[in-house]
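The values are calculated or read from the model by the stated rules, or taken from the named source; none is laboratory data. All figures in this text were calculated on a predicted structure; none of them were measured in a lab. We place every Cβ from the backbone using ideal geometry, glycine too, and count neighbours over all the protein chains shown.
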Amino acid sequence: MSNQNATPSSVPLLDVNRGNQLLRNEILESIAEVVDSGRFLHGPQVGELECTVAGICQTKQAIACASGSDALLLALMALDIQHGDEVIVPSFTFFATASAVSRLGAIPVFVDIDPLTYNISPDEIAANVTSRTKAIIPVHLFGQCAAMDKIEAIAKRHNIFVIEDAAQAIGAAYLGRPAGAWGDIGCLSFYPTKNLGGMGDGGMMVCNDAEMAAKLRLFASHGMQPRYYHKVVGINSRLDTIQAAILNVKIAHLQSYSQARQRNANRYAELFAAEGLDQWIELPHHAPEATHVWNQYGIRVTNGLRDPLRKHLNDTKIGNEVYYPVPLHLQECFEDLGYSLGCLPKTEKASKEILHLPIYPDLTEREQDAVVASLKKFYSSATLRRAA
Ligand SMILES: *Cc1c(COP(=O)(O)O)cnc(C)c1O
């Protein structure tokens, strides 16, 4: 028998099995239904999921596709982003935000972040708009929306599109308006580590315009309409019926998952303050305008102590990760764009100082206590070393 009060010997960064095991029978039944129906693509479960996601995002339209990466690519295709067009993106994000732009021969223009939220800075966007700018892709990093009111105003002023990369932010909101509902198109991901994680790849695009939705569907199905007549050069990007069936089971619990993540974030803040650790590490900043869904919990570790702290956490078997250690403007594949070290100082600093801790919904209080205890141990010995 396991002891709920025992100190755990290790804490995983994420354990997808805990949440999924609770729904095991329901999920297996939903899969069996698809197996028996034989409708492995375009089954009714896909439309059901689209409706539920449109409801969560408060958009009129939702279009399923094969992944969050495809959602971004399809959004750019449907907005007719062409070779040589400029698209403003953060550098402090997952690769897919920028690779979708490059795939179309367009130019990702990397801009710096607000160092508090790690989200793209509206001022930096405004400073980088040119006559060739066609779109902005704000990323709602770690589950907190970018400053969408300001970004929307810039986009309107210059008549450019906004594609929200909401891969990490389903259920989040800014000024009460959901992630995905601000831009021309919102892109979601159901990758297993996201807040609504599937059992494989999956993605969704949301928007309000029926014509745009039809275009997104067209591009996601080989540009084919009617059958074997191709209007545009699209791609093949579908969400499997089985994946939709699984997600339909899980999406009923999304709100409780988000609430558990919020509870864990609040408890970290209390524990860090109680232990005096908040004088050493910067806790994540929660903007008052944002409804944060905490896909990740990132602390900022200054004084060059991030990597020594990582080693200590690894040694004490506390799961941790760095999102993201190499900003996109410094990636080898983007060398031709001409960026160098020093171009985006706030992004570069964040990539050296940020450190992510376990925050997933099923994290227990004992596990959280173990994370905080490990941090405390590190800082008491670090303080002693400095005093010596
Ligand atoms: C996960 C992620 C994506 C890509 O989603 P996939 O479903 O893995 O293709 C894009 N952007 C961001 C910010 C992400 O976190």
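Annotations for the structure displayed:
- Pairs, first under 12 Å from ALA66 (Cα atoms) in the range 185-209, second among the hydroxyl-bearing types (Ser, Thr, Tyr) and within 10 Å of the ligand (Cβ to nearest atom), C-beta under 7 Å, six or more apart: SER189/SER67; ASP201/SER67; ASP201/TYR191; GLY202/SER67; GLY203/SER67; GLY203/SER189
- Boolean, LEU247 is crowded, with 20+ Cβ neighbours inside 10 Å, in contact with a strand residue (DSSP E or B) (Cβ under 6 Å, 6 or more places away or on another chain) and part of a helix (DSSP H, G or I): no
- Each residue in the range 18-40 was checked for being assigned to a helix (DSSP H, G or I), in contact (Cβ under 8 Å) with a residue 12 or more places away in the chain and either touching a Ser or Thr at 6+ places or on another chain (Cβ under 7 Å) or of a type in the set (D, E, K, R) (or both), and 4 of them qualify.
- The one condition from (1) surrounded by fewer than 21 Cβ atoms within 10 Å (Cβ to Cβ); (2) over 24 Å from VAL232 (Cβ atoms) that SER121 does not meet is (1).
- Once the range 260-275 is narrowed to residues that are without any contact (Cβ under 8 Å) to a residue 12 or more places away in the chain and within 15 Å of THR291 (Cβ to Cβ), the residue that is surrounded by the fewest Cβ atoms within 10 Å (Cβ to Cβ) is ASN266.
- Filter pass, PRO178 being at pLDDT 95 or above and either out of contact with any Gly (no Cβ under 8 Å at 6 or more places or on another chain) or closer than 17 Å to ALA96 by Cα (or both): no
- Residues (over 11 Å from the mean Cα position of the chain (by Cα), under 17 Å from ALA75 (Cβ atoms) and part of a loop (DSSP other than H, G, I, E, B)) located in the range 184-200: ASP184
- Restricting the search to helices (runs of 4 or more DSSP H) fully inside the range 41-104 and requiring at least 2 residues that are within 15 Å of the ligand (Cβ to nearest atom) and under 29 Å from GLU348 (Cα atoms) gives 68-78, 96-103.
- Residue match in the range 223-236 (condition: within 16 Å of the ligand (Cβ to nearest atom) and on the phi < 0 side of the Ramachandran plot): yes
- Among the residues making up the range 169-201, a single one is on the phi > 0 side of the Ramachandran plot and within 12 Å of the ligand (Cβ to nearest atom): GLY200.
- Taken over the range 288-322, residues that are among the hydroxyl-bearing types (Ser, Thr, Tyr) and surrounded by fewer than 18 Cβ atoms within 10 Å (Cβ to Cβ) amount to 2.
- When TYR228 is tested against (1) surrounded by fewer than 21 Cβ atoms within 10 Å (Cβ to Cβ); (2) not assigned by TED's automatic domain parsing to the domain that holds GLU33, only condition (2) is not met.
- Residues that are part of a loop (DSSP other than H, G, I, E, B), touching a helix residue (DSSP H, G or I) at 6+ places or on another chain (Cβ under 7 Å) and closer than 25 Å to LEU341 by Cα do not occur anywhere in the range 140-162.
- If only residues of the range 74-95 that are under 18 Å from the mean Cα position of the chain (by Cα) and surrounded by fewer than 24 Cβ atoms within 10 Å (Cβ to Cβ) are counted, the one that is nearest to GLN331 (Cα to Cα) is PHE95.
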